[in-house]
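The values are calculated or read from the model by the stated rules, or taken from the named source; none is laboratory data. Source: prediction; values computed, not measured. Methodologically, a virtual Cβ is constructed for each residue, glycine included, from the backbone with ideal geometry; neighbour enumeration extends over all protein chains shown. Accessible surface is based on the protein model in full, side chains and every heavy atom, while ligands, DNA and RNA are left aside. Shrake-Rupley method; radii C 1.70, N 1.55, O 1.52, S 1.80 Å.
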Amino acid sequence: MLAAVLASSFFIRLIPLPLPLPLVQIFLGILIAGVFQEGVTLDPEVFFLLFLPPLLFLDGWRLPKDALRRDWLPIVLLAFGLVFITVLGLGYVIHWMIPVMPLPVAFALAAIVSPTDSVALSGIARRLPIPERVASVLEGEALFNDASGLVAFQAAVLATVTGSFAVSKAVSSFFWVASVGLASGAVTALAIVMLRDAFTRRFGDEPGSEVLLSLLTPFAAYFIAEWLDASGILAAVVAGLVMGYTDLSTRQDATTRVRRHTVWEMLQFTLNGIIFVLLGEQLPDIFRDAVSIIEQTGHHSPWWIPIYALVICLTLALFRFVWAYAAMWVTQLFRRKPASNQNTYMRSLLILSAGGVRGAITLAGVMTLPLTLSSGEPFPGRELAILLAATTIIVSLLVATISLPLLLRGAPKASNTQHHLQHDLAWRSARDAARTILDKETKTLSEGSAALDSEIYAALSERILTSLDEALGEAPSDTESEADAMRRHAQERHLRQLAAQAARDALFDLARQRKISDGLAQDMVRRLDLDELRLY
């Protein structure tokens, strides 16, 4: 699987077509299982434990908190309200389309295809200029709708297995799963952060152990929530949100931050890729097991399966469009701020509808369907439900791949005015804080020293402030336009990269000629690398 993930990253750069990385990885998974008869059988419990906590934790960690505060209302309406509306509406559509599938099973299938997948969406939209507000709503929705979809799925499965369904029990179960999952994730993350800070204040910081602690935190939150019969998925998401907030108030070594960022970047790329390779490896067996079920629907061709999946995806998009329209209308009513541009408003609605991509969470969930009912009879339509869920994932990826670039063609570029105003404020505040502490410290150091020492300290302070300006990205002057500032920064970045590469080449030449040691060359090159990273 790791080799397939690595190969996918090469193929996506070689293929001239703008294919999304998840589709390439799914194809490689199909190749591994269908052609070479290799691959791994998906174990849903292992999947939920091994893959989801770190990825959802990282998404919560990196989710812009200002976007979450700003767009909390549409996120809540889409993550919870849309799921339950979709379960009811799509469940009846599936039962009408495939009468041999019992209504509770149709509800279970509708529930498990309700959650969207931020991993799949990011794989498609990584190069697309999705508006920032729409992207934050899609990402926030995908983080929280897993719990509501899985709870509805479990309730529908229980109704199928036992033959009975209690609304009050389902509602109370949802509130327990959601509230306890949220609370346990927050408490776990806060406890870990407080213990870590107390320990490091007394005994010091060690980057390796700090990175490992950050990797184990989502699993701790997930385990504790699952032990409490709550949502481990929500717990991992909230633990990530809490870690993002605590990062703004706790001090950590710069080396720890850099290493942690690098490790998490590699882990995210690897786990995302394995998820879709694993998904592709399941499809050949799923298809073979479900072909015999198709005849029961009255259709004798397996080509009806993608037709069913397309109808499911179109129904999902229709429900998303209607509910997103209602959510945006409620949001505008709540904020008393009508839409300023109807074309942009409609484009955003269509992007929200097409951006509801399904992913590996849907497949892992549907694979947990039991084999038998409580009476010992086979679970009705199990193989067909699994195949439809898998096909729906593929169709939703294809629809999003085709429709999103079309919807975003000619979209107006977002204004960077607010970003530049915030950057100017941040730069000035950071510089003022640095100058204040430098003035205070150099005054203390130069007390009782000669005048020459005072001049040296003053020059040293100016050098430090100049270096700080370069690291933060100096704000443009009042006489410089935004375009001129961007052009100047691009030219400076180009010249700095050339200079850094020339310096590295010189160091490597000295090391090859054995005029300096390998260790010294690597250390100095590492410093150049870190300095060059500031350009990005």
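Quick notes on this one:
- Failed item in (1) without any contact (Cβ under 8 Å) to a residue 24 or more places away in the chain; (2) among the hydrophobic types (A, V, I, L, M, F, W, C); (3) open to solvent by 30 Å² or more (accessible area, probe 1.4 Å); (4) in contact with a Gly (Cβ under 8 Å, 6 or more places away or on another chain), with PHE107 passing the rest: (1)
- Checking every residue in the range 65-73 against the condition of being open to solvent by less than 10 Å² (accessible area, probe 1.4 Å), part of a loop (DSSP other than H, G, I, E, B) and farther than 18 Å from GLY181 by Cα gives at least one match.
- Filter result for VAL93 (in contact with a strand residue (DSSP E or B) (Cβ under 9 Å, 6 or more places away or on another chain), touching a residue at least 12 places away in the same chain (Cβ under 8 Å), over 30 Å from LYS65 (Cα atoms) and open to solvent by 20 Å² or more (accessible area, probe 1.4 Å)): no
- When the residues of the range 374-397 are filtered to those that are surrounded by fewer than 18 Cβ atoms within 10 Å (Cβ to Cβ) and in contact (Cβ under 8 Å) with a residue 12 or more places away in the chain, the one that is nearest to LEU363 (Cα to Cα) is PRO380.
- The helices (runs of 4 or more DSSP H) located wholly in the range 150-266 that include 1 or more residues which are open to solvent by 70 Å² or more (accessible area, probe 1.4 Å) and among the basic types (Lys, Arg) occupy 167-203.
- The single residue among PHE84, PHE57 that is within 18 Å of ALA178 (Cα to Cα), open to solvent by less than 10 Å² (accessible area, probe 1.4 Å) and under 28 Å from the mean Cα position of the chain (by Cα) turns out to be PHE57.
- Single residue of the range 12-24 satisfying the filter (in a helix (DSSP H, G or I) and in contact with a Leu (Cβ under 8 Å, 6 or more places away or on another chain)) that is surrounded by the fewest Cβ atoms within 10 Å (Cβ to Cβ): ILE12
- Test: MET97 is in contact with a His (Cβ under 8 Å, 6 or more places away or on another chain) and over 18 Å from SER353 (Cα atoms): no
- Every residue from the range 311-339 that is open to solvent by 50 Å² or more (accessible area, probe 1.4 Å) and at pLDDT below 85: TRP329, VAL330, LEU333, PHE334, ARG335, ARG336, LYS337, PRO338
Quick grid of which residues meet (1) hydrophobic (A, V, I, L, M, F, W, C); (2) at pLDDT below 80; (3) in a loop (DSSP other than H, G, I, E, B):
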residue: THR368; (1), (2), (3): no, no, yes
residue: SER374; (1), (2), (3): no, yes, yes
residue: ALA385; (1), (2), (3): yes, no, no
residue: LEU388; (1), (2), (3): yes, no, no
residue: LEU407; (1), (2), (3): yes, no, no
residue: HIS423; (1), (2), (3): no, yes, no
residue: ARG431; (1), (2), (3): no, yes, no
residue: LEU438; (1), (2), (3): yes, yes, no
residue: LEU445; (1), (2), (3): yes, yes, no
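- The listed residues are ALA475, ALA506, and the only one of them that is modelled with pLDDT of 75 or more, closer than 28 Å to LEU533 by Cα, open to solvent by less than 60 Å² (accessible area, probe 1.4 Å) and not β-branched (Val, Ile, Thr) turns out to be ALA506.
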